[in-house]
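J.: One structure follows; several queries about it will come next.
Please treat every number below as a calculation from the coordinates, not as lab data. Everything quoted here is computed from the prediction, not taken from an experiment. FYI the Cβ positions are ideal-geometry reconstructions off the backbone, even for glycines, and counts take in every protein chain you see.
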Amino acid sequence: MPVKWEDSKYSNKAKKFLAKDPMKFPLLTLLDGAVRSGKTLNIIQKIPQIFDAIGNDYLKVFSGYSKNTVRNNVLIELKPFIENYLGGSLKANTSSGEMEIILWGKKYPCLIVGGGEADSVASIQGGTWDFWYANELPQHHYSFYNMALSRLTPANARAFADSNPESSNHWLYQEKIKPYLENNLDVKAVFEYWHFTMQDNANLSETFINNQNKLYSGAFKARKIDGLWVVADGLVYDTFNTSKHVIAKDILLKKIDENLISEYFLGIDWGWNHPTACLLLGVDKSGTYYLFDELYSQKIEADIVVDWINEKQQEYGRYFSFANCDNARPEQNDKLRKSTNLIIYEEKPRIEDSISLVRGLINYDKLLISDACTATLNEFSTYRYPSESEQTKYYSGGSADLPIKINDDCMDALRYAIFKHLTTFSR
Ligand SMILES: Nc1ncnc2c1ncn2[C@@H]1O[C@H](COP(=O)(O)OP(=O)(O)OP(=O)(O)O)[C@@H](O)[C@H]1O
Ligand SMILES: [Mg+2]
């Protein structure tokens with residue numbers, strides 16, 4: 001449901017941002033901070049005024065991790081705002097990326113682009129822009145970000161971005177936010193930083209804010225609630241709580257008997273010296289995921305996994321629909337394809353993305369693990385990010401949060417299974 005702008009309430013910070021003359025902003029302005037703090041909607045609300053101030057000589061670009069995220073996070077609010085409240089029009093073709101906004105008699109040619117992949121930069125080479133809105137800027141590839149800034153050559157060009165905090169090793173923090181906070185005048189000449197907390201969004205209820213507070217702990221609380229750029233440390237699934245998220249095997253068997261589980265599927269992480277982990281999951285109608293069973297062993301061939309899957313289908317009296325497997329062992333995946341009735345996917349999700357999906361399920365108590373799955377439970381209690389002093393030892397060179405790659409076999413299999421089901425089947 002789009003926002004009812006006539007009911008909007010404004011904090012002092014929002015008022016200050018909205019009242020500022022668009023031309024008084026420097027080249028790039030970042031709104032960062034807590035989740036739900038109003039960053040995106042403040043920019044959306046400001047866009048008509050910014051367009052009017054900049055004029056329509058050049059292209060205006062909207063980017064996000066992908067074109068779809070721009071549509072889901074931005075256009076979904078911008079279009080009704082422009083059409084229903086300002087009497088303009090917004091026509092977008094999200095597959096080609098072409099978009100045209102008409103406002104107060106002026107036509108603005110726009111482009112929607114995804115900036116999250118290493119090759120995204122190819123889509124924006126050449127051309128001059130006078131406006132860029134980067135939704136969730138830290139999710140953009142560094143090369144895309146640099147290319148985008150270099151497109152903004154007209155003197156009146158302006159860029160606005162929003163973001164949730166990430167690691168303090170992220171390029172955005174290192175290159176812009178940190179020097180800004182340290183009063184670096186070169187950075188301040190081209191960059192302005194607006195920090196929002198949930199208190200800066202006057203449209204949120206106290207209950208909502210209190211509930212959000214309960215969802216996070218540790219470094220993720222610091223980021224999502226306090227809006228701070230900190231290195232993720234400690235356990236990856238730090239809100240996993242054995243008293244809430246572990247379920248007795250016989251209760252699970254009862255759910256199966258009572259037909260409460262609507263679909264069964266697997267995640268597989270192949271190993272040899274490292275163990276192979278094969279996890280059997282199910283989901284019920286409310287969207288709660290259950291881990292029923294695990295196969296966890298070193299030095300096992302695909303045949304053993306095939307036998308295990310077929311035996312488990314017999315044991316539970318249910319057919320399993322698919323397995324999403326580690327793509328590093330295509331020949332093993334072929335064996336599964338030939339010798340089981342399952343659809344075999346080989347889709348390796350980005351570690352950060354799939355961890356955040358799993359973390360979301362845990363935070364909403366929508367992932368329950370059978371007490372029989374001891375290897376998985378063991379990994380839940382040890383799977384962690386490197387500490388500050390271990391960073392150099394494990395540092396991968398990127399700016400992403402990556403857990404230490406030890407004892408992560410079940411954690412990987414779990415990510416593969418849940419990512420595939422959540423992104424493909426549960427919409
Ligand atoms: N001007 C406004 N009028 C009415 N509601 C608003 C307004 N601004 C924000 N909200 C409400 O607050 C919610 C969060 O706002 P918004 O999506 O802009 O936050 P955000 O900081 O971008 O969040 P996230 O970090 O999750 O992307 C909106 O979904 C809406 O319900
Ligand atoms: Mg947002």
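J.: Is any helix in the chain, taking whole DSSP H runs, at least 15 angstrom long along its axis by alpha carbon and on average at least 0.5 on the Kyte-Doolittle scale, and which ones?
T.: 351-363
J.: Also, quick follow-up: Rounded, prolate or oblate: which fits segment 6-71 when a ≥ b ≥ c are the square roots of the eigenvalues of the alpha-carbon gyration tensor, with rounded for a/c under 1.5 and prolate only if a/b beats b/c?
T.: Oblate is the answer for segment 6-71, as a/c is 1.5 or above yet b/c matches or exceeds a/b.
J.: Here is a further query. Quick check: Cα centre of segment 46-124 to Cα centre of segment 170-231, how many Å?
T.: Result: 25 Å between the Cα centres.
J.: Can I ask one more? By what distance, in whole Å, do the Cα atoms of segment 5-217 stretch along each of the three principal axes, largest value first?
T.: 44, 39, 32
J.: Further question on the same structure: Rounded to the nearest 500, what is the chain's calculated 222 nm mean residue ellipticity when only DSSP H runs of at least 4 contribute -39500 (n - 2.57) each, over all residues?
T.: Per the formula, -9500 deg cm²/dmol.
J.: Per the Debye formula with a single identical scatterer at each Cα and no solvent contribution, what log10 I(q)/I(0) holds for the chain at q = 0.07, 0.08, 0.10, 0.11 Å⁻¹?
T.: Here the Debye-derived log intensity ratios amount to -0.41, -0.53, -0.79, -0.93.
J.: Got a sec? How would 401, 353 order by Cβ neighbour count within 10 Å, fewest to most?
T.: 353, 401
J.: Under 8 Å for C-alpha pairs, at least 6 residues apart: give me the relative contact order for the chain, rounded to a whole percent.
T.: 16
J.: How would segment 1-115 be classified by its alpha-carbon gyration tensor: rounded, prolate or oblate, with rounded meaning a/c under 1.5 and the a/b versus b/c comparison settling the rest?
T.: rounded
J.: Classify segment 242-424: rounded, prolate or oblate, from the alpha-carbon gyration tensor (a ≥ b ≥ c, eigenvalue square roots; a/c under 1.5 rounded; otherwise prolate if a/b is larger than b/c)?
T.: oblate
J.: Which lysines have a Cα less than 23 Å from the Cα of residue 338, not counting those fewer than 8 places away in the same chain?
T.: Excluding near neighbours in sequence, the set is 299, 312, 348, 420.
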